[in-house]
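Data first, discussion second: the structure below is written as structure tokens.
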């Protein structure tokens, strides 16, 4: 019986035009990564489970795709210990299972599955740096463009297999790295024609400073989440929410300037400096921001804007310095299209201490959606041939194939219709494939060493010499 | 406790220079695929298990990496039925388990694992064609360059994760496809500088013809395997082996010409035509060979040689027409670096009948080994920056970063050492990274708007204007 073919939920097939569009974005990102001195590495699609497990929190562990041991996994070298009450367990529903039973089951899982699919590119990178530390010349600027897998519930714009595009530097505390990463974002988005993105910056130390000033580090997330709603619910609304969350009126008064936190990024930083004057850590954050902002401004950005957003708290328990997030140009409804930051101890989990890292990531799928929406894919992004030679029979085909071989040596994408079927059908094929030119070589043309060329967009027809044909097809490459 | 980091056996990390070398090969293959009118598609890394299982034989099924259902896989919607004697089973060794018990276990596996990693690109392609048949304009020339995974025992040159690079056409019976695929092999290997590869061709129908003539279809494999040893063990040795395998003396006499099967490909085909004159299927194969050979010769190959090898029986139960295999230039000890053929019913397994396909594959890992051995990677294949600006302090760094921003806009890969450490250390960094130029901008140079440039290979030093610097770095790109 033939199976009705389908693919797992949350995964995608990419058609030729989709691949071409994605490759255009990949290639732009890659070119810019390399212009900025980043070097590519690649790591395996699956890692040993112990490399990944426990690195992304409990939720992350659950979302990691686990690979069953190969061969007869039941009889691996590790004696499998089935949970004692395995036979009863299978009839229990998920809700009825106890924590102890779940732990038993997880132990069982770790025996029958010792490998897992990559969940992000950061942990494999940290593993790579530690494993290859003696071959690496630090500071090490690496980029990595590879798919990752997450057993998340699929939804619009969220997939179970998707690409990450990361650039990170390890082994340097210099703030010039942050300056360059802002320039890198600007360079990529400008080259993609995606003008007017906002690169939002914050600093973990500023957030700590705010927590210190309001005297409530445990309420910091509640505070930033509420503050972030200023545009939507107004100052009174925000303050109401803060009070509800248990932040004192006194604390709110202390950071009153944050409620009218407008102006240029330079003005904002000045306001922050006054606000956080009493916090040593906060002032360190202000200094870092100042350095980055000053030098980014001095060197200049092409089309992006750098802005300070004190509510930006992305990956709070992870980043230790700068925090970045990029938002699409105004008017496009899309969340962040990139993000990153500095983390002081990237490789500590694998035993290499004091290795500071800072990096950024590009969200390929969302960038593709934005470029599509704004109709910014260049016309040259196509997956199709430049010309289709029609097939009029064996002798004509031979003649055509000789011309085709020469055109291909000139780097021109060109093909011949494989069968000498009705000409109408062959034209239709070129049309459906979006091929711009049809080349007709019949007896007459063979005799005169000419090529009949029909422009399938305009309908124009002309007879060309081989050289003229080369020029026409090259010019329209 | 810090873990000692490692990766699963049979997988690899790729360093920057390794990625650069592999990308050079990928990009050459890709460019040629597109010149020949092939279009890229991509399919998910994992497929539903039922898409893959049963398509590669029993051995293949065993080598497919299976993914554990996500979440609490024990409590999936499908009621899991544990094998009855599961508790005893866990204490049995693999040898003691009965076939019935194994079937039970496999059933259990198929409940806890419903997805599996791609084993090759052909079955996912067949699935793609059937699933998207209404969007595809046939004949469909697709290429696909993606990793596949096999739980094979790792050994030299054999990995558990490796790339396949496939080009296939479906929906056309025209032998021009075979002609073009030979040209495509020639074009890729010529462009890689890998001159002198042999493209061996055979035809399934010729093998059937030979079987018919020797009157022993069931002995065909034994026959070709023995014949293949002609070079090594001589005519007598081969005949001895054939007799041992139960092929009759009479049969051997009938195909005597195969023992002195030398000459040009045209001569070989003539000999075959005489030998197989009584076999209708054999003669069909000879005709196909003739067409392909004649037109390949007429159009001409750049550096490869097309040769007939009647012992070529690659994937015998799979191919139905032409069979291809490419061997490295003489003197390089390496098995096949590519292969392919025609299969009449590619998509039948998924319910779409009468869809003939023909395709070829490039063995990336082996090609990389051969190019490395012959020292054929161009010097331009590098993962490193063109120049490193040394860091003499804040003011100098600012000046340098402005020049760097402009150089990058010119498309030049360039970077600055992030810290103002000892100059010796900075030179050492450039050296270890293989960066060819160091740029020195101190007080003096800033004043004169000049850039001190040291060629780290020759040791030459000069002072250049910005324009001269751009030209120098562009020229050496």
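Values as computed for the structure displayed
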| quantity | calculated |
| --- | --- |
| Relative contact order (percent, whole number), the stretch B:401-464, Cα cutoff 8 Å, 6+ residue spacing | 19 percent |
| Segment residue A:253-residue A:9, extension gain: residue separation times 0.36 nm, minus the distance between their alpha carbons | 82.8 nm |
| Hypothetical label at residue B:460: residues of the stretch B:435-452 whose amide nitrogen lies under 20 Å (7 Å Cα-Cβ projection) | B:435-441, B:450-452 |
| Relative packing of A:190-196, B:353-359, which averages over residues the other C-beta atoms within 10 Å, highest first | B:353-359, A:190-196 |
| Rounded, prolate or oblate (a/c below 1.5 giving rounded, otherwise prolate when a/b exceeds b/c) for the stretch B:146-199 by Cα gyration tensor | oblate |
| Förster-model FRET efficiency, 45 Å R0, residue B:221 and residue A:443, C-beta, rounded to 0.05 | 0.40 |
| Once the Cα gyration tensor of the stretch A:205-268 is diagonalised, semi-axes √(5λ) in Å | 17, 15, 10 |
| Segment residue B:422-residue B:280, extension gain: residue separation times 0.36 nm, minus the distance between their alpha carbons | 43.0 nm |
| 17 Å tail of the calculated P(r), the stretch A:117-184, as % of Cα pairs | 54 percent |
| Per-residue mean of C-beta atoms belonging to partner chains within 10 Å, peptide A:7-18 | 6 |
| Sum of -39500 (n - 2.57) over DSSP H runs of 4+, divided by residues of chain A (222 nm, nearest 500) | -12500 deg cm²/dmol |
| Gained length - residue B:365 relative to residue B:191, 0.36 nm times residue gap less alpha-carbon distance | 60.9 nm |
| Tail beyond 42 Å, pair distance distribution of chain B (Cα, percent) | 38 percent |
| Pairwise label distance in nanometres, residue A:467 with residue A:230, each label 7 Å out on the Cα-Cβ vector | 6.9 nm |
| Folded to 0 to 90 degrees: helix A:364-373 orientation relative to chain A principal axis, Cα | 60 degrees |
| Principal-axis tilt of helix B:204-214 within chain B, Cα atoms, nearest 10 degrees | 30 degrees |
| Chain A: relative contact order as a whole-number percent, Cα under 8 Å and 6+ apart | 15 percent |
| FRET efficiency, 1/(1 + (r/R0)^6) with R0 56 Å, evaluated for residue B:406 and residue B:58 via beta carbons | 0.35 |
| Where only alpha carbons of the stretch A:383-475 are counted, the Rg and the Dmax (Å) | 11.8, 34 |
| Taking only Cα atoms of the protein assembly as shown, radius of gyration then Dmax in Å | 32.0, 107 |
| Highest average packing first - B:30-39, B:8-17, Cβ atoms within 10 Å | B:30-39, B:8-17 |
| Residue mean of other protein chain beta carbons inside 10 Å, A:380-386 | 3 |
| Rounded to 10°, Cα long-axis angle of helix A:99-112 versus longest principal axis of chain A | 40 degrees |
| Spin-label zone in the stretch A:410-429 - amide nitrogen under 14 Å from a point set 7 Å from the Cα of residue A:474 along the C-beta vector | A:410-413 |
| Simple spin-label estimate for residue A:314 and residue B:318 in nanometres, 7 Å along Cα-Cβ | 4.4 nm |
| Rg(Cα) / (2.2 N^0.38 Å) computed for the stretch A:290-428, rounded to two decimals | 1.84 |
| Computed over the stretch B:21-71, the ratio Rg/Rh where both radii use C-alpha atoms and Rh is Kirkwood | 1.16 |
| Separation in nanometres of the label points that stand 7 Å from Cα toward Cβ, at residue A:303 and residue A:96 | 6.0 nm |
| Sequence ranges B:131-137, A:364-370, ranked by mean other-Cβ count within 10 angstrom, highest first | A:364-370, B:131-137 |
| Residue B:380-residue A:270 FRET efficiency (beta carbon distance; Förster radius 51 Å; 0.05 resolution) | 0.55 |
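Quick note: the coordinates plus some simple rules give every number you see, no bench work behind them. Quick caveat: nothing in here was measured; it's all calculated off a predicted structure. A quick note on method: Cβ atoms are made from the backbone with ideal geometry, for glycine too, and the neighbour counts reach across all protein chains shown.
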